[in-house]
Amino acid sequence: MVKLKLSYEFGLVGGLLLIIFAVLAIVLHNLLHYLKIFGTFPSAGAVQLLIFALIALLGNEVSRRDKKIGYTSMIVISIAGIITFVNLEIIGFALILIGGLLVLMNK
C-alpha cells in the first residue's frame, strides 16, 4: 500500500512540475518577446509539453483505479518525454517514470 501512495505522489509531483515548466515557457516567451532583451525564449515545445503532462497526470489518476492501464500510460509517456525533451523537463518525466515503475513492482 505504501508503494502505491508513493507512486501516486511521484506521478503527481512530476506532472505538476511539467505543467509549471510549460506555463513558464509560454509566459517567458511572451515576456521576452515584448521586451526584446535576450532575444526569444524557445517555447516551441511548450504546448507539446503541456499535452504530455496532462496525459501523465491522467495516467497517474487512472493508476489508482486500474493499475495496468495507469502504469503503462505513465511509463510510455515518460519514456517518450525523455526522448523528446532535453532540458529540465527530464526531471518531471523521471519522476513519472519512477512512479510508474513503483506501481509495476507492486503488482
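The values are calculated or read from the model by the stated rules, or taken from the named source; none is laboratory data. Please read these numbers as outputs of a predicted model, since none were measured by experiment. Because the Cβ atoms are built from the backbone with ideal geometry, glycine has one as well, and the counts that use them run over all protein chains shown. Surface areas here come from the heavy atoms of the whole protein model, side chains and all, with no ligands, DNA or RNA. Shrake-Rupley method; radii C 1.70, N 1.55, O 1.52, S 1.80 Å.
Just a few scattered comments:
- All of 54, 95 fail the test of being open to solvent by less than 60 Å² (accessible area, probe 1.4 Å) and at pLDDT 90 or above, apart from 95.
- Verdict on residue 31 being of a type outside the set (S, T, N, Q) and modelled with pLDDT of 85 or more: no
- Qualifying residue in the stretch 2-11 (condition: surrounded by 13 or more Cβ atoms within 10 Å (Cβ to Cβ), among the hydrophobic types (A, V, I, L, M, F, W, C) and at pLDDT 80 or above): yes
- Residues of the stretch 45-76 that turn out to be within 11 Å of the chain's Cα centre (by Cα) and aromatic (Phe, Trp, Tyr), as a count: 1
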